[in-house]
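In what follows, a structure is listed as structure tokens, so that the remarks can point back to it.
The values are calculated or read from the model by the stated rules, or taken from the named source; none is laboratory data. The model shown is predicted, which means the values in this text are computed figures rather than measured ones. Glycine also receives a Cβ, built like all others from the backbone with ideal geometry; neighbour counts cover every protein chain displayed. Accessible surface is based on the protein model in full, side chains and every heavy atom, while ligands, DNA and RNA are left aside. Shrake-Rupley method; radii C 1.70, N 1.55, O 1.52, S 1.80 Å.
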Amino acid sequence: MSASAQPSPWVALGPGHSYKNMMTKHVLLIIGGGIAAYKSLFLIRELSRRGISSQVILTKGGSQFVTALSAGALTNKPVFTDLWELDETGDMGHIELSRSADLIVVAPATANLLARAAQGVASDLASTTLLATDKRVLYAPAMNVRMWEAAATQRNVQTLIDDGALFVGPDAGDMACGEFGEGRMAEPEAIADAVEAALMGDTSLDALREPKPLAGQSALVTAGPTREPLDPVRYLSNHSSGKQGYAIAQALADLGAEVTLVSGPTALPAPLGVTRVVVETAEEMLAACEDALPANVFVSVAAVADWRPATRTDKKTKKPKDGPAPLELVENPDILKTICAHKKRPELVIGFAAETHDVVKLARAKRLRKTCDWIVANDVSGDVMGGDANAMILVKEDGEESWPRMDKRAAARKLAREIAKALK
Ligand code: C5P
């Protein structure tokens with residue numbers, strides 16, 4: 001079986017979740033031996049930020065990459081490494097350790113750990129714990145792309161899935177070994193999202209065993225700023241980095257959608273598996289969007305310039321000797337509104353609202369004005385524009401849902417899962 005056909009049972013947050021519920025939850029984190037082990041230290045911090053405590057089992061291989069001291073300092077709990085040492089303590093055997101947690105997370109889950117877990121080999125503390133547990137296990141695989149694609153690994157993953165295990169990742173991208181492909185451990189935020197969903201015993205877990213819930217669906221996403229030229233050397237634009245829109249395009253593609261990303265000028269590489277159309281002006285962006293229809297969902301993330309210079313000269317305009325600057329502006333087309341009124345209107349249209357005050361009130365009004373289905377509102381009074389994190393409020397017809405501040409990629413994955421649920 002190829003890696004892309006691998007039915008990774010993705011996990012996601014259910015609707016109406018509450019982070020308060022997580023305060024008493026406890027995770028046993030098995031850190032395996034891979035370069036991605038350092039990311040598991042960030043995972044501990046991310047879980048703790050979400051009110052989830054963790055305790056670490058560090059495999060022998062894991063201890064080649066991170067120290068028990070770091071893991072212990074971050075969890076505030078002893079770190080276990082050795083099966084026999086643990087049993088000698090008398091107060092916490094491997095059986096108890098495996099059962100005292102609400103969930104076991106294996107990150108990074110190496111090919112070796114997956115193989116031993118699939119076969120029921122209990123050769124060290126980590127594998128013995130996995131065999132002894134009565135709790136759900138979430139694996140975050142990390143390995144070289146060839147090892148991930150190997151028939152043996154895919155067989156082991158399938159066995160674990162059949163046994164009820166959950167998986168998050170791996171992601172595709174550049175690898176520490178210099179190769180490129182699927183095998184990078186999922187980012188700590190994505191693993192933490194999956195941990196939360198699993199901890200809530202989300203019934204959608206089973207539904208989410210479907211690896212590509214957006215397979216067969218098409219998505220159109222706009223991202224970045226537009227650039228409105230005055231002359232060959234000057235233009236009007238804004239600070240949009242495109243990060244959020246690109247992350248959404250990637251997240252939708254990861255869930256199986258066929259994605260067209262219409263992007264203004266940014267410094268970002270095209271997301272994997274996404275068709276990118278690069279444009280400059282709002283008018284070009286609208287034309288590219290209309291060309292990309294029909295689509296099942298339109299996510300309008302771009303910070304489109306509301307105005308453009310009334311004239312664009314071929315030659316650089318000269319500074320007037322006196323008097324005001326000769327800058328006359330005309331209104332740009334509203335792409336979101338135009339697509340909402342389009343005869344090929346996608347069944348789900350999502351606009352963005354960046355506000356500095358009265359965020360929800362203005363977003364509600366914007367939803368009605370633009371006639372879109374959802375508005376993703378965010379407060380841009382901080383460093384959202386150009387920054388890596390975002391706190392979104394999803395405004396729908398029947399109410400709002402506030403999401404905590406998180407990495408833009410994690411927010412994108414959360415939105416993509418909401419979209420997948422809505423398009424079902
Ligand atoms: O009108 P305002 O800029 O406040 O609305 C923001 C939303 O509208 C975003 O989804 C943005 O992508 C979209 N928009 C657009 N075309 C414009 C202005 C905004 O598609 N000319």
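In this structure, Arg367 does not satisfy being within 29 Å of Pro213 (Cβ to Cβ), under 25 Å from the mean Cα position of the chain (by Cα) and outside any helix (DSSP H, G or I).
Residues in segment 321-358 that are more than 12 Å from the ligand (Cβ to nearest atom) and under 29 Å from the mean Cα position of the chain (by Cα) were compared, and the one that is farthest from Tyr235 (Cα to Cα) is Glu347.
Confirm whether Asp134 is modelled with pLDDT under 85 and under 22 Å from the mean Cα position of the chain (by Cα).
Working: modelled with pLDDT under 85: yes; under 22 Å from the mean Cα position of the chain (by Cα): no.
Taking the combined requirement at face value, the residue does not satisfy it.
For segment 252-306, enumerate the residues that are of a type in the set (S, T, N, Q) and either more than 15 Å from the ligand (Cβ to nearest atom) or in a strand (DSSP E or B) (or both). Once the filter is applied, which keeps residues that are of a type in the set (S, T, N, Q) and either more than 15 Å from the ligand (Cβ to nearest atom) or in a strand (DSSP E or B) (or both), segment 252-306 yields Thr260, Ser263, Thr275, Asn296, Ser300. Applying a threshold of 7 Å to beta carbon distances and a minimum spacing of six or more residues, or different chains, the list of pairs starting in segment 341-353 at a residue that is of a type in the set (A, V, I, L, M, F, W, C) and ending at one that is open to solvent by 10 Å² or more (accessible area, probe 1.4 Å) and more than 14 Å from the ligand (Cβ to nearest atom) reads Leu348/Asn296; Leu348/Ala422; Leu348/Leu423. Identification of helices (runs of 4 or more DSSP H) wholly contained in segment 118-191 with 2 or more residues that are charged (D, E, K, R) yields 145-149, 151-162. Could you list all residues from segment 48-78 that are among the β-branched types (Val, Ile, Thr) and out of contact with any helix residue (DSSP H, G or I) (no Cβ under 7 Å at 6 or more places or on another chain)? Hit for segment 48-78 is Thr67, nothing else.
When Ala305 is tested against (1) modelled with pLDDT of 90 or more; (2) in contact with a strand residue (DSSP E or B) (Cβ under 6 Å, 6 or more places away or on another chain); (3) open to solvent by 20 Å² or more (accessible area, probe 1.4 Å), just one condition goes unmet, and that condition is (3). Checked against (1) farther than 19 Å from Ile375 by Cβ; (2) in contact (Cβ under 8 Å) with a residue 40 or more places away in the chain; (3) buried (at least 17 other Cβ atoms within 10 Å of the Cβ); (4) touching a Phe, Trp or Tyr at 6+ places or on another chain (Cβ under 8 Å), Pro229 passes all but condition (3). Beta carbons closer than 7 Å, at least 6 apart along the sequence or on distinct chains, pair a first residue in segment 273-285 that is open to solvent by less than 20 Å² (accessible area, probe 1.4 Å) with a second that is among the basic types (Lys, Arg) for Thr281/Arg227; Thr281/Arg308; Ala282/Arg308.
Among the candidates Val299, Val330, Val359, single out the residue that is in the same structural domain as Tyr235 (by TED's automatic domain parsing) and within 30 Å of Glu258 (Cβ to Cβ). Lay out the reasoning, then the answer.
On the way: Val330 fails: within 30 Å of Glu258 (Cβ to Cβ); Val359 fails: within 30 Å of Glu258 (Cβ to Cβ).
On inspection, the qualifying residue turns out to be Val299.
What residue, of Leu336, Leu423, Leu394, is over 30 Å from Val195 (Cβ atoms), in contact with a strand residue (DSSP E or B) (Cβ under 9 Å, 6 or more places away or on another chain) and hydrophobic (A, V, I, L, M, F, W, C)? It would help to see each step written out before you state the result.
Working: Leu423 fails: over 30 Å from Val195 (Cβ atoms); Leu394 fails: over 30 Å from Val195 (Cβ atoms).
Going through Leu336, Leu423, Leu394 in turn, the sole match is Leu336.
The requirement of being of a type in the set (A, V, I, L, M, F, W, C) and surrounded by 21 or more Cβ atoms within 10 Å (Cβ to Cβ) is fulfilled nowhere in segment 310-330; no residue meets it.
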